[in-house]
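K.L.:
What follows is a structure written as structure tokens; I'll ask about it next.
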Amino acid sequence: MKLGKYSFGIGDRFGHQGKAQLAALVKAKEAGVDVTPVWNKSYREHRIIGTKPGDVRAEADAAVAACGWTGAYFVDADHIGLGNVDQFIEASDFFTLDVADFIGRPAEKVDVDAFVAKHAKLIGTLEIEGIGKAFEVGEADLKVLAAKYVAAVKEAGKIYRHIASKKGAGQFVTEVSMDETDLPQTPIEMLVILAAIADEGIPAQTVAPKFSGRFNKGVDYVGDREVFAREFEQDLAVIAYAVKEFGLPAELKLSVHSGSDKFSIYEPIQRALRKFDAGLHLKTAGTTWLEELIGLASAGGEGLEIAKEVYRAALARMEELCGPYATVIDIKPGKLPDPEVVAHWDGSLFAQALRHDPFCAYYNHHFRQLLHVGYKVAAEMGARFTGALEQYEDTIAEHVTTNIYDRHIRPLFLD
Ligand SMILES: [Zn+2]
């Protein structure tokens, strides 16, 4: 099973926007670019909202049938480990093996020695096509890096083989992710990781490193764009080298997690992809739910009431809701609007405060981030919320499709 050169993570909290999301990829196809949809939902998200992996599969299949989508599509078990992979086996055909927690766990000396012996070629002056400067790698450096990463990649190997034993090799797409760590990986670290992935026999088609800068949920990139651009290009160069040297799948490409809304780095990403003729997998951060809120607010009436209630409750429960996302959000409570003031907003003002339009004077990224993690409140509203999604389906669908196509697909792959 092959993912395709460009792929895009969709999937939504409440499972109502499959069709509206896929419509954006249909538009992309009509505009001349094939982007494979990947429905993803993490274990954390399932747990908070009370859904099951089978629900995502049902949503994807229904959307594909409704849109007459004839291309490939996948259902991603996002950020899974050995402890929770079993519940995803049946419904998923894309697995994101999360090994971040295992990075730095001491590897066995025999494994480190074996790695260094096998990859002795990396020692000395190493030139990688596409990276201007050569790297000097000593044997001791390589040992340190192997000790840092080999145990984590061995864990990925265990998860991969477990899935392969149930689904059969070649019946699913594999991603290895280590984005949820503190420090970004250097090009040489990336090279060591890819060598270890090859040694484990993991046919990774995507790899998600940690980039420098902050990838907060639902808002723009925070960091030095130049540093990011250089790092991104170096990673592409390392991947091309690793495919040739270690025999990894030719399709191997970068996966950018929480990649939605990172508008300020789309231009350097696009430039780098063209330069290296490389593919990309971009995972979104579940922000389609915010388009639902924008649609509800814009619809007015009960829709706007619900949107305001979600905000009021989310503010009251801020600590609880932000807890699971503490490392990937940045909210200044003093910048949040008073719910008494919000109570007097009309739908247009609510939508403008929430919509990620950096040029809009009313856009408030603190407000947006709090609502982003506030989906638990909507989940607890149950049928009142999902009923409103159905009642205002047309308005919401337009926002969902426009967000993905105009703000994401076009600047990344088309403009
Ligand atoms: Zn991730």
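Just so you know, all these numbers are worked out from the coordinates, no wet-lab data involved. What you see is a predicted model; the values in this text were computed from it and never measured. Using ideal geometry, Cβ is built from the backbone for each residue, glycine included, and neighbour counts are taken over all protein chains shown.
K.L.:
Under a 5 Å amide H to amide H cut-off, with H placed in plane at 1.01 Å, what residues pair with GLY11 once short-range neighbours are removed?
P.N.:
ASN40
K.L.:
Taking amide hydrogens as modeled 1.01 Å from N in the peptide plane, which residues meet the under 5 Å criterion relative to VAL173, leaving out close sequence neighbours?
P.N.:
Amide H neighbours of VAL173, under 5 Å, 5+ apart: PHE94, PHE95.
K.L.:
Please list, in order along the range 349-366, the HN-Hα scalar couplings obtained from phi with the Karplus expression 6.51 cos²θ - 1.76 cosθ + 1.60 (θ = phi - 60°), rounded to whole Hz, x for Gly and Pro.
P.N.:
5, 4, 5, 5, 5, 8, 5, 7, 10, x, 8, 8, 5, 8, 4, 10, 6, 6
K.L.:
Now a separate question. Taking Cα atoms, how many degrees apart are the long axis of helix 266-276 and the longest axis of the chain, rounded to 10 and kept between 0 and 90?
P.N.:
Between the helix axis and the principal axis of the chain, the angle is about 30 degrees.
K.L.:
Mind listing the phi-derived Karplus ³J(HN,Hα) values for the range 374-381, rounded to whole Hz, using 6.51, -1.76 and 1.60 with θ = phi - 60°, and x for any glycine or proline?
P.N.:
After applying 6.51 cos²θ - 1.76 cosθ + 1.60, I find x, 5, 5, 4, 5, 4, 6, 5 Hz.
K.L.:
Sticking with this structure for a sec: I need to check one value: relative contact order of the range 1-153, counting alpha carbon pairs closer than 8 Å and at least 6 residues apart, in percent. Write out the running numbers ahead of the final one.
P.N.:
Details: 218 pairs, mean separation 28.7, N = 153.
Rounded, it is 19 percent for the range 1-153.
K.L.:
I need the phi-derived Karplus couplings for the range 60-67: 6.51 cos²θ - 1.76 cosθ + 1.60, θ = phi - 60°, integer Hz, Gly and Pro marked x.
P.N.:
Values, residue by residue: 4, 4, 5, 5, 4, 5, 5, 8 Hz.
K.L.:
Taking only C-alpha pairs under 8 Å that are 6+ residues apart, what is the relative contact order of the chain in percent?
P.N.:
Reported relative contact order: 17 percent.
K.L.:
Anything over 20 Å Cα to Cα? Flag those among LYS118/LYS244; LYS41/LYS148; LYS210/LYS253; LYS5/LYS158, in the order listed.
P.N.:
Details: LYS118/LYS244 16 Å; LYS41/LYS148 29 Å; LYS210/LYS253 14 Å; LYS5/LYS158 27 Å.
Violating the 20 Å Cα-Cα cut-off are LYS41/LYS148; LYS5/LYS158.
K.L.:
Tell me the Kirkwood radius of the chain: reciprocal of the mean inverse pair distance over distinct alpha-carbon atoms, in Å.
P.N.:
Over the chain, the inverse of the mean reciprocal pair distance is 22.1 Å.
K.L.:
Measure nothing but the geometry: give the 0 to 90° angle between the long axis through the Cα atoms of 109-118 and the longest principal axis through the Cα atoms of the chain, rounded to 10°.
P.N.:
70
K.L.:
Would you calculate a helix-derived [θ] at 222 nm for the chain, using -39,500 (n - 2.57) for each DSSP H run of n ≥ 4 and dividing by the full residue count, to the nearest 500?
P.N.:
-15000 deg cm²/dmol
K.L.:
Under the Kirkwood approximation applied to all pairs of distinct alpha-carbon atoms, what is the hydrodynamic radius of the range 179-319 in Å?
P.N.:
Values: mean 1/r = 0.0585 Å⁻¹.
After inverting the pairwise mean of 1/r, the radius is 17.1 Å.
K.L.:
Please report how far the C-alpha centroid of the range 380-409 lies from that of the range 160-181, rounded to the nearest whole angstrom.
P.N.:
For the range 380-409 versus the range 160-181, the Cα centre distance is 32 Å.
K.L.:
Let me make sure I get this right: for the range 1-154, a, b and c are the square roots of the gyration tensor eigenvalues over alpha carbons, sorted descending. Under 1.5 in a/c it's rounded, otherwise prolate if a/b > b/c, else oblate. Which is it?
P.N.:
oblate
K.L.:
Now for a separate question. So which chymotrypsin sites (Phe, Trp or Tyr not before Pro) in the range 343-392 end up in coil per DSSP with only 16 or fewer other C-beta atoms within 10 Å?
P.N.:
PHE359, TYR362, TYR363
K.L.:
Rounded, prolate or oblate: which one fits the range 92-150, using the alpha carbon gyration tensor with axes a ≥ b ≥ c (rounded when a/c is under 1.5, else prolate when a/b beats b/c, else oblate)?
P.N.:
Oblate is the answer for the range 92-150, as a/c is 1.5 or above yet b/c matches or exceeds a/b.
K.L.:
Can I ask one more? Could you give the radius of gyration (one decimal) and Dmax (whole number) of the Cα atoms in the range 275-336, in Å?
P.N.:
Final numbers for Rg and Dmax: 16.2, 50 Å.
K.L.:
Helix 393-404 sits at what angle to the longest principal axis of the chain, using alpha carbons and giving 0 to 90 degrees rounded to 10?
P.N.:
30
K.L.:
Between the range 71-97 and the range 270-346, what is the C-alpha centre distance in whole Å?
P.N.:
26
K.L.:
Another question, if that's okay. Show the residues, 5+ positions off or on another chain, whose built amide H is closer than 5 Å to the amide H of VAL222.
P.N.:
When sequence neighbours closer than 5 places are left aside, the close amide H contacts are ARG214, ASN216.
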